[in-house]
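> One structure follows; several queries about it will come next.
The values are calculated or read from the model by the stated rules, or taken from the named source; none is laboratory data. In this text the structure is predicted, and so the values were computed from the model without any measurement. Quick reminder, even Gly has a Cβ in these numbers, built from the backbone with ideal geometry, and neighbours come from all protein chains shown.
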Amino acid sequence: MTTAGGTPLFLLEFGDIVISFTPYTTSLFILALVFTLLVIASRPERQLDIAFGTDAYMTKEISLSEMRFRRFMAIACGLASMGAVVTGDLFDFCLFTALVGICNVGIVAAVKSRHVQNAAYQYGLVALAATVLLFGGSAMVAATTGTLSLPILATGTLPAVPLAVKAFIVIGVMGEGMAPFYAAKAEMFRAPGAPYVIMCSLSSLLIFLRVIEVVVQL
Amino acid sequence: MIGQYYSWGLLVVLIAAVAGFAALAFEKDDLHRLLLIDLVEIPSLGFIALLGTDLAEALILPGLVVGIAELFALSQIYLVKEGLQDRPVRALRIEVVQRSPAPLVLSSILVVYGVILSGFTGGAIAALGLIFLFLAKDSADDLHLLELASGMSWVLWIAAFFVFMFLPEYWYAALMGAAIGILIKVVTKLALVGTMWGEQA
Amino acid sequence: MKKKTAGRIAGIAAVAGTGATLLSELGTVPPWLGIAVVVVTFPLFLLFLGLWWMARETDADIPFLGY
Amino acid sequence: MIGDLLYLIFAMIFGLLLLGIHRKVIARIQRRPGPPVWQEILHALKFSFKSTWIPQTASDTLFVSVVLIAIGIWTAAFFVVLAGGNLLIIFGIYMLHKIVEHGFGLSSGSPYGKFGGVRSVISAASEIPLFVSVAAVVIFTGSLEIGDIVAWQEQAGPLILAVFPAALAMYVVILSKFPFSPFSIVESKEIVSGYKTEHFGVWRAGLEACNGLKTYVLLLTFIAVFFGPLPFLLILLAMILITVSISFICAFSPMLSPFDSVTIQTLFTGLMLIYVVYLGVYG
């Protein structure tokens with residue numbers, strides 16, 4: 001059984017949900033793991049701000065409670081991306097993707113900056129709207145093929161999934177934070193706390209990389 | 001496996017989704033957009049529900065939970081963003097229901113009926129009975145017992161799932177355990193919602 | 001970081017990396033394990049090599065305190 | 001296998017040499033003497049001899065480990081290309097380099113670094129042509145394994161003739177990652193050195209090593225995927241030629257503003273999408 005991500009190294013079975021570790025998904029999984037460990041291990045930086053027109057500058061400090069909350073959210077985000085990159089079930093993938101969307105909002109939710117809050121809010125609206133396409137897409141895949149299992153879908157013996165449905169899933173994932181909708185997210189990166197903010201960008205990247213493999217196989 | 005009306009259903013849901021998205025695109029006010037988003041979420045459940053199988057039933061719940069979680073997160077951000085403070089919620093006061101034996105009888109009927117129905121509907125009806133009881137009395141009751149029951153039922157529910165996963169041959173016992181667990185869970189939680197509401201004033 | 005520590009880490013990384021490659025060549029360990037070890041140790045080796053050869057052995061100069 | 005280790009170090013140094021040639025060619029086109037071609041190698045060495053510390057405002061764990069990750073991912077990419085592994089992994093690593101740049105920029109707390117990092121994030125549009133070119137390659141060869149793609153070309157001739165626009169897309173992607181290119185908004189001069197501003201000493205030397213390796217791996221992938229099996233010396237020659245062609249583009253074009261850069265890359269993505277849909281329907 002060869003998939004777009006290579007021949008599986010091993011399969012982890014939970015009942016009918018099969019988690020497949022192909023070379024591709026394994027590398028993505030390891031990356032998510034490494035960055036999650038980094039989030040746990042590192043403390044936020046103190047961002048410098050320059051007052052325009054003068055030579056005054058100040059550092060932004062992150063309070064302990066804010067740091068704890070954001071660290072928790074970033075770790076949750078890391079776990080959700082790990083789930084999304086290895087899962088062998090289309091609906092689980094969509095669910096994890098939606099979860100990443102929430103966590104991304106959560107990572108910057110505690111930042112006390114109006115710009116960041118505004119960007120996070122707009123991003124959240126887009127992410128929430130995108131879940132319609134995500135869940136709709138996966139439900140339509142189940143309707144046309146009768147299964148949600150990615151390894152079974154990859155065998156190519158089932159009825160073909162319409163292009164529109166594939167587009168649904170891809171646009172849904174893009175809504176969770178890829179290129180055209182990224183504009184809302186870029187403003188979120190103003191927030192101090194590099195290790196956590198990186199998780200926002202890493203998670204959507206990993207999910208985008210996974211959705212390509214998923215859609216190629218459908 | 002697709003029913004014969006699937007395409008029609010799909011068309012209706014798609015129209016609903018497009019209408020929701022269009023409203024979202026036209027609306028400029030952030031709060032209204034938040035409300036509209038909730039509306040847009042419903043077609044996504046519709047897509048799943050159209051499958052019309054047991055699988056769909058199992059998938060709707062996680063979809064719903066994720067949607068609600070996002071909605072909560074967003075409304076929290078909205079509060080912070082707009083600098084809105086927590087405003088006290090006025091208590092619900094219904095003078096019609098006075099303390100008397102009648103509510104006790106009524107609520108026990110509802111609870112028994114709910115237990116017979118079981119599942120979510122049953123939980124809701126049984127909870128309605130409890131809420132009714134709490135509203136009728138003054139809500140100064142000791143809630144620890146309810147919370148304890150809720151916690152225990154949750155454990156039962158989770159344990160049942162583990163039985164499903166690791167000892168599938170005892171599925172019937174697990175099913176019963178999960179059903180009872182979810183029933184008690186829903187009952188207690190809904191009852192707590194009722195009492196908390198009254199408590200704040 | 002002390003010069004000795006940096007040197008030791010660089011040395012261990014180099015030995016581990018080459019060792020794993022050698023072992024995978026002999027067939028003792030699977031090839032992917034050899035590569036994985038190199039991927040981890042090569043950056044460590046490079047960085048700590050740099051830290052090792054620039055590390056001071058003597059005390060630093062008296063810092064410039066301003067006019 | 002031990003040969004692979006030596007090849008890894010060679011790749012790193014040769015990649016730096018390519019970057020040196022790049023600078024030299026640009027300088028000669030602009031009628032400057034320019035640095036010697038081995039300047040980038042000297043640069044990496046020079047930085048490794050400079051004194052090293054961590055800025056007080058930095059998130060120290062991230063500040064250091066992002067350098068390790070940068071070298072690590074490109075080492076991994078190198079071995080994947082060498083083993084003829086999956087093309088998606090290479091491109092995944094390419095996209096991950098964006099996260100690395102982001103980490104470099106944000107971990108220090110410096111506003112210049114932050115702008116560099118944020119710019120690298122908004123230039124995400126440049127990565128999408130990559131996947132489009134992957135799609136075109138898959139339509140022809142039916143596989144994502146670099147080994148299979150090379151084997152396919154042994155039979156049917158270089159892929160660049162079959163899918164020229166896809167090759168062009170990947171060329172643009174490589175161009176975006178070269179210094180002084182019109183798309184290199186992440187390190188433009190108005191934000192000092194962009195994301196690398198605060199990484200000095202050994203950290204910067206590590207970054208330079210990573211850049212050398214990155215250049216080599218990207219060019220090697222390009223040659224393997226679009227030109228097929230070539231003898232080793234011819235590969236090196238092809239790399240130098242591609243570098244020189246990129247230098248010409250860089251020398252003649254100004255750096256775009258971030259907005260224009262993203263717009264042009266998005267336009268390019270759109271064109272590539274149309275091309276792949278065309279291929280999928282008529283190919």
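> How many residues are modelled with pLDDT under 90 and farther than 12 Å from D:Ala209 by Cα if we restrict to segment D:1-19?
Looking only at that region, the number is 7.
> Hey, can you tell me all the residues within segment B:21-56 that are within 21 Å of A:Val126 (Cβ to Cβ), under 23 Å from the mean Cα position of the chain (by Cα) and small (Gly, Ala, Ser)?
B:Ser44, B:Gly46
> With the condition kept exactly as written, say whether any residue in segment B:110-120 is away from chain A (no Cβ under 14 Å), modelled with pLDDT under 70 and under 30 Å from A:Lys112 (Cβ atoms).
no
Condition check ((1) within 19 Å of A:Ile102 (Cβ to Cβ); (2) surrounded by 16 or more Cβ atoms within 10 Å (Cβ to Cβ)) across all residues:
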position	(1), (2)
A:Ser20	no, yes
A:Thr25	no, yes
A:Ala41	no, no
A:Ile50	no, no
A:Thr54	no, no
A:Met67	no, yes
A:Arg71	yes, yes
A:Ala74	yes, yes
A:Cys77	yes, yes
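> Which of (1) in a helix (DSSP H, G or I); (2) within 13 Å of chain B (Cβ to nearest Cβ) is the odd one out, the single condition A:Leu153 does not satisfy?
Of (1) in a helix (DSSP H, G or I); (2) within 13 Å of chain B (Cβ to nearest Cβ), only one is false for A:Leu153: (2).
> Further question on the same structure: For a quick check of your reading: which helices (runs of 4 or more DSSP H) sit entirely within segment D:126-216 and have at least 3 residues that are within 14 Å of the chain's Cα centre (by Cα)?
Numbers: elements: D:128-141, D:146-156, D:159-162, D:164-177.
The helices (runs of 4 or more DSSP H) meeting that bar are D:164-177.
> Would you mind stating whether A:Arg71 is more than 7 Å from every other protein chain (Cβ to nearest Cβ) and of a type in the set (D, E, K, R)? It would help to see each step written out before you state the result.
Values: more than 7 Å from every other protein chain (Cβ to nearest Cβ): yes; of a type in the set (D, E, K, R): yes.
Yes; evaluated as a whole, the condition is true for this residue.
> Yes or no: segment D:43-61 includes at least one residue that is touching a residue at least 12 places away in the same chain (Cβ under 8 Å), in a helix (DSSP H, G or I) and either in contact with a His (Cβ under 8 Å, 6 or more places away or on another chain) or more than 14 Å from every other protein chain (Cβ to nearest Cβ) (or both).
Looking through segment D:43-61, none of the residues is touching a residue at least 12 places away in the same chain (Cβ under 8 Å), in a helix (DSSP H, G or I) and either in contact with a His (Cβ under 8 Å, 6 or more places away or on another chain) or more than 14 Å from every other protein chain (Cβ to nearest Cβ) (or both).
> Considering only residues that are surrounded by 15 or more Cβ atoms within 10 Å (Cβ to Cβ) and small (Gly, Ala, Ser), which ones fall in segment C:1-18?
C:Ala6, C:Gly7, C:Ala10, C:Ala13, C:Ala14, C:Ala16, C:Gly17
> Would you check which residues across segment A:120-129 are surrounded by 23 or more Cβ atoms within 10 Å (Cβ to Cβ) and either more than 8 Å from every other protein chain (Cβ to nearest Cβ) or not in a helix (DSSP H, G or I) (or both) and list them?
A:Tyr123 - this is the single residue of segment A:120-129 that is surrounded by 23 or more Cβ atoms within 10 Å (Cβ to Cβ) and either more than 8 Å from every other protein chain (Cβ to nearest Cβ) or not in a helix (DSSP H, G or I) (or both).
> Please pick out the residue among D:Gly117, D:Gly20, D:Gly34 that is under 22 Å from the mean Cα position of the chain (by Cα) and either over 26 Å from C:Phe48 (Cα atoms) or more than 8 Å from chain A (Cβ to nearest Cβ) (or both). Outline the logic, then answer.
Numbers: D:Gly117 fails: either over 26 Å from C:Phe48 (Cα atoms) or more than 8 Å from chain A (Cβ to nearest Cβ) (or both); D:Gly34 fails: under 22 Å from the mean Cα position of the chain (by Cα).
The unique qualifying residue is D:Gly20.
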